[in-house]
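Input: a single structure, listed below in structure tokens.
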Amino acid sequence: MSETGIGASVKRLEDYRFLTGRGTYTDDINQPGQTHAYILRSPHAHATINSIDTSAAAAAPGVVAIFTGADMEVGSLPCGWQIHNKDGSPMAEPGHPPLAQGKVRHVGDQVAVVIAETLAQARSAAELIEVDYSELPAVVDMNKALAGGTLVHDDVADNLCYDWELGDEGEVDKAIAGAHHVTEIDIVNNRLIPNAMEPRAAIGSFDRATGEYTLYTTSQNPHVIRLLMGAFVLQIPEHKLRIVAPDVGGGFGSKIYHYAEEAIVTWAAPKVGRPIKWTADRSESFITDAHGRDHITNVKLALDESGKFLALKVNTKANMGAYLSTFATCVPTYLYATLLAGVYTTPVIYAGVKAIFTNTTPVDAYRGAGRPEASYLIERVVDRAAREMGIPQDEIRRKNFIPRDAFPYQTPVALEYDSGDYEATLNSAMKNADVDGFAARKAASEAKGKLRGLGYSTYVEACGIAPSAVVGSLGARAGLFESANVRVNPTGSVTIFTGSHSHGQGHETTFAQLVSETLGLPLDQVEISHGDTNKVAFGMGTYGSRSLAVGGEAMMKAMNKIIDKSKKIAAHVLEAAEADIEFKDGKFTVAGTDKEMTFGEVALTAYVPHNFPHDTLEPGLEEQAFYDPMNFTYPGGCHIVEVEVDPDTGVVKVDRVTASDDVGRVINPMIVAGQTHGGLAQGIGQALLEGCIYDDNGQLLTGSYMDYTMPRADDLPNFSTSNEVTLCAHNSLGVKGVGETGAIGSPPAVINAIVDALSGLGVTDISMPATPQKVWQAIQGAKAAAE
Amino acid sequence: MPTVSMTVNGKSVSGEVEARTLLVQFIRENLGLTGTHVGCDTSQCGACVVHVDGKSMKSCSLLAVQADGAEVTTIEGLANGEELHPMQEAFRNNHGLQCGFCTPGMVMSAVDLANNNKNPSEEEIREWLEGNICRCTGYHNIVKSIKEGAANM
């Protein structure tokens, strides 16, 4: 293994600029003549707008322009995935105007934009806008929404976006009816607010000389924004629309989507003839960044006498919020129900999913997206079944694992897993967690009056999103390939243009390692360029742990084309047959001779082609490739969490977190561990701390860091992480993806550990987030029931 | 409008500001030092931490006029030329950053801790970081970085 190639923990190449304050995030950019936008937002969850009087605001100091929905009649913010109902009819797809058209549907809905010389002036002027609202009753609770009455969209009956199913309900019901044992739980997957540390921002400008629009934006996928905003909302042709996503301070899904503010500043730029900058403050982020999760589910697991799973039945209600965000509709369907087999051989599975509109912020993918919801309910119900049947937690899992020699494995819910070894990750996690020593630690806790519990989660997820043919057949309105362009410069350095986008993942390092390994170059000869639609040919962006498995493969394909072309050049110069040229360690040699050319010499020759036979050999050395994966990738693993509960206060201390994950081949172990740590923190955050709460009027009660509990350093322990490797069977690198595993696997392990700690008291369930209050109440409830 | 003068990263600077201007706005907008970030509006996240007269402060919670006459150090002033400060080096060495947005505040905060405690325990570090939120790293590598950085300062 080289020190800079695959498998090396190379220190990140991007760190210098971030550590010295020289990163360039969107809000760091200022353009000559720039104005500032402030968005006036609805204070009501549901209201009719009778009139908007902007006259006083327009006369306020510094105001350049004010626009309302009446001014901005453009296309609707589109949804990228069409789901069909059980009966074959398409989902309800109400419009989503960037500025409200006569009605507001959630607190934070955009009502008007004030553009002024300074942000302070824009903000002050916005206070002078008089909006006459007629408040309407709000519907927040999904069950109430389904009962009809108050409609978020007048033309969507019972607030039902779709009623979708997967599997044969009759067959599953039959298996459940005949089973030895059935475990049933009602599960809530709590609503989360993503909270990337960099608030969203956008700068729109228009160059009258060229007719080109430019949008700087905090996006995980600039080309997707160009396509959605250009083609659907503003009708700007792509060759006149440049989107730049520079350094982006975290995304976790929330920066995938096309947001109203991007369209507003781009649309308004030519109208005011100056660049317009908008930056969210954190309060705006809380009410406008797409939220995550928010499922209510009933799950039934049927087992035979030995604890073997016979059937799984799931009915889920999924909150869409007030409008359909870009990928909202695929999260509770194709990213969720298709994962319900988990790591088990359950033969029949049924999922029914109702997606529901409410007067809340739109909900969409957040780190894991659908897969955390699936793994949470599977691992909760498996844990409960094991307790009810008196089977040890590891044993019930081993009994039902898809065996390592059964791959490729076709699940009953559409997916075909290509590789995995769930025993291996369970074994290594149990060893690293020192499960053998748990009894002694439990006794020590008891001696101090504390309750200790151990929780398991064995999970699989589907990422490396995604084979276009598959997702297309399931309703995706896009292909999910990736592009890469490899430009070899005349002196032998390489610039790679990738359609992936890095916002913390360390692509500039990991991708450079691929180049170093493949072309034999030192890292300082490699530049990874991303995030600018005028530089990168095309890209579908970064989400669903796809950057390496899809974007990296595109790069490999393009580099292989470079090697092929270089061999032609070397064969010509060295006067040998092309078939006799070998490439190794950055050198092209004629097999069996000492004749050789370095990569740099080939590059220079390509650009100084003094004696090229131009009919058979083109000058230059640059190649493009598109890669569309054959299948999803399937990382999996085992997370074991150990908690200590103080029964007097309900405080849960997370004492040990052990993750053994199979993410396929590891390119940079340091970065892979870092990704796992971050995912674990978000998963533990969901399990213990984070919960988005609306009151019955649709007011967000957890709208700041004073109210929404972000995981802080002293909420978390150090993590034990390790990797077992089975290679992905359908890509050349054998990679699977690591971005989301931590957030997918860990929440059920935390809750199962708390249930384990409290099981002696008779507690069988605790919902997320397991706050001290909830845990204390569960303890008191169990004690009262026992008396 | 009031005029404020202060020393920022060893240089004397002054500017006219509205009285309501926060120190972080003065640093970012008047001085163009955009390494100091704004991540919230309730003084919780710590992305804006700088040193004011040698102590770490959230620059979103001070008015620019309150820093009149002060010695301010921002993340841009920490390295010695091209040579990273030991705390910056430790963050790089231990993968203590991912997206980089909270990083300037984390590093400035950590330097203040280390100035007063050469050998902080893991628990002391985690407690000290109560005012700095990171969404990417799960803090594991930040804690490691600070331990190493403090030892090397």
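Which condition from (1) open to solvent by less than 10 Å² (accessible area, probe 1.4 Å); (2) in contact (Cβ under 8 Å) with a residue 60 or more places away in the chain is the one that A:V515 breaks?
Only one criterion is unmet by A:V515, namely (2).
Do we find that A:A687 is farther than 26 Å from A:V550 by Cβ and not in a loop (DSSP other than H, G, I, E, B) in this structure?
Against the criterion (farther than 26 Å from A:V550 by Cβ and not in a loop (DSSP other than H, G, I, E, B)), A:A687 qualifies.
Restricting to the range A:491-518, what's the tally of residues that are within 14 Å of chain B (Cβ to nearest Cβ) and over 16 Å from A:R12 (Cα atoms)? Talk me through it step by step, then tell me what you get.
So the first thing to find is which residues in the range A:491-518 are within 14 Å of chain B (Cβ to nearest Cβ), and the list is A:501-510.
When the remaining residues are screened for being over 16 Å from A:R12 (Cα atoms), the result is none.
Of the residues in the range A:491-518, 0 are within 14 Å of chain B (Cβ to nearest Cβ) and over 16 Å from A:R12 (Cα atoms).
Taking the conditions exactly as written (farther than 25 Å from B:G32 by Cβ, assigned to a helix (DSSP H, G or I) and facing chain A (nearest Cβ under 7 Å)), does B:E127 satisfy them or not?
So B:E127 fits the description; yes.
Scan A:A65, A:A47, A:A57 and give me the residue that is touching a Phe, Trp or Tyr at 6+ places or on another chain (Cβ under 7 Å) and of a type in the set (G, A, S).
Just a single option satisfies the conditions, and that option is A:A47.
Would the range A:394-406 turn up any residue that is over 20 Å from A:T741 (Cβ atoms), open to solvent by less than 50 Å² (accessible area, probe 1.4 Å) and in a loop (DSSP other than H, G, I, E, B)?
No, there is no match, as no residue in the range A:394-406 is over 20 Å from A:T741 (Cβ atoms), open to solvent by less than 50 Å² (accessible area, probe 1.4 Å) and in a loop (DSSP other than H, G, I, E, B).
Here is a yes/no grid of residues against (1) outside the structural domain of B:S12 (by TED's automatic domain parsing); (2) out of contact with any helix residue (DSSP H, G or I) (no Cβ under 9 Å at 6 or more places or on another chain); (3) at pLDDT below 95; (4) farther than 25 Å from A:D247 by Cα:
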| residue | (1), (2), (3), (4) |
| --- | --- |
| B:D41 | no, no, yes, no |
| B:Q66 | no, no, no, yes |
| B:V72 | no, no, no, yes |
| B:G105 | yes, no, no, no |
| B:M108 | yes, no, no, no |
| B:I125 | yes, no, no, yes |
| B:C136 | yes, no, no, no |
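Given the residues A:P78, A:P97, which is the only one that is under 25 Å from A:A138 (Cβ atoms), in a loop (DSSP other than H, G, I, E, B) and either modelled with pLDDT under 95 or under 33 Å from the mean Cα position of the chain (by Cα) (or both)?
A:P97 is the lone residue from the list that is under 25 Å from A:A138 (Cβ atoms), in a loop (DSSP other than H, G, I, E, B) and either modelled with pLDDT under 95 or under 33 Å from the mean Cα position of the chain (by Cα) (or both).
A:W164 is checked against (1) in contact with a strand residue (DSSP E or B) (Cβ under 9 Å, 6 or more places away or on another chain); (2) without any contact (Cβ under 8 Å) to a residue 24 or more places away in the chain and fails just one. What number does that condition carry?
It fails just one condition, (2).
Is there a residue in the range A:167-174 that is aliphatic (A, V, I, L, M) and open to solvent by 30 Å² or more (accessible area, probe 1.4 Å)?
Checking the range A:167-174: not a single residue is aliphatic (A, V, I, L, M) and open to solvent by 30 Å² or more (accessible area, probe 1.4 Å).
Can you tell me how many residues in the range B:130-142 are in a helix (DSSP H, G or I) and out of contact with any Phe, Trp or Tyr (no Cβ under 7 Å at 6 or more places or on another chain)?
4
Testing A:D655 on (1) within 12 Å of another protein chain (Cβ to nearest Cβ); (2) farther than 30 Å from A:L480 by Cβ, one condition comes back false. Which one is that?
(1)
So which pairs qualify, if the first residue must be in the range B:1-18 and within 14 Å of B:V52 (Cα to Cα), the second must be part of a loop (DSSP other than H, G, I, E, B) and charged (D, E, K, R), the Cβ gap must be under 7 Å, and the two must be at least 6 apart or on different chains?
Here the result reads B:S5/B:D68; B:M6/B:D68, each pair linking the range B:1-18 to a residue that is part of a loop (DSSP other than H, G, I, E, B) and charged (D, E, K, R).
Please work out which residue is nearest to A:S545 (Cα to Cα), limiting yourself to the range A:366-393 and to residues that are surrounded by 22 or more Cβ atoms within 10 Å (Cβ to Cβ) and charged (D, E, K, R).
It comes out as A:R367.
Any chance the range A:469-482 includes a residue that's outside any loop (DSSP other than H, G, I, E, B) and buried (at least 23 other Cβ atoms within 10 Å of the Cβ)?
yes
For the structure I just gave you, tell me whether A:E93 is out of contact with any His (no Cβ under 6 Å at 6 or more places or on another chain) and without any contact (Cβ under 8 Å) to a residue 60 or more places away in the chain.
Answer is no for this residue.
At pLDDT below 95, open to solvent by less than 20 Å² (accessible area, probe 1.4 Å) and outside any helix (DSSP H, G or I), is that true of A:G148?
So A:G148 passes the test.
Could you list all residues from the range A:690-719 that are open to solvent by less than 40 Å² (accessible area, probe 1.4 Å) and more than 7 Å from chain B (Cβ to nearest Cβ)?
A:E690, A:G691, A:C692, A:Y694, A:G698, A:L700, A:T702, A:G703, A:Y708, A:P711, A:P717
Please work out if A:G453 is in the same structural domain as A:A659 (by TED's automatic domain parsing) and in contact with a helix residue (DSSP H, G or I) (Cβ under 9 Å, 6 or more places away or on another chain).
yes
Please determine, by comparing only the residues of the range A:289-312 that are surrounded by fewer than 24 Cβ atoms within 10 Å (Cβ to Cβ) and among the β-branched types (V, I, T), which one is nearest to the chain's Cα centre (by Cα).
A:I296
Could we say that A:L160 is open to solvent by 40 Å² or more (accessible area, probe 1.4 Å), among the aliphatic types (A, V, I, L, M) and under 28 Å from the mean Cα position of the chain (by Cα) here?
It is true that A:L160 is open to solvent by 40 Å² or more (accessible area, probe 1.4 Å), among the aliphatic types (A, V, I, L, M) and under 28 Å from the mean Cα position of the chain (by Cα).
Looking at the range A:244-267, I want the residues that are over 20 Å from A:I193 (Cβ atoms) and within 14 Å of chain B (Cβ to nearest Cβ) and have a partner that is open to solvent by 10 Å² or more (accessible area, probe 1.4 Å) and of a type in the set (A, V, I, L, M) with Cβ atoms under 8 Å, at least 6 apart or on another chain. Which pairs are those?
That search, which allows pairs on different chains as well, returns A:P246/A:I29.
Specify the residue that is farthest from B:T74 (Cα to Cα); the eligible residues are those in the range A:20-30 that are touching a residue at least 24 places away in the same chain (Cβ under 8 Å) and open to solvent by 40 Å² or more (accessible area, probe 1.4 Å).
Filtering first and then ranking leaves A:N30.
Name the residue, out of A:E3, A:E73, that is within 30 Å of A:S516 (Cα to Cα) and either away from chain B (no Cβ under 14 Å) or over 25 Å from the mean Cα position of the chain (by Cα) (or both).
A:E3
The values are calculated or read from the model by the stated rules, or taken from the named source; none is laboratory data. Please read these numbers as outputs of a predicted model, since none were measured by experiment. Heads up, the Cβs are rebuilt from the backbone with ideal geometry, glycines too, and the neighbour counts pull from every protein chain shown. Only protein heavy atoms, including side chains, enter the accessible area calculation; ligands, DNA and RNA are left aside. Shrake-Rupley method; radii C 1.70, N 1.55, O 1.52, S 1.80 Å.
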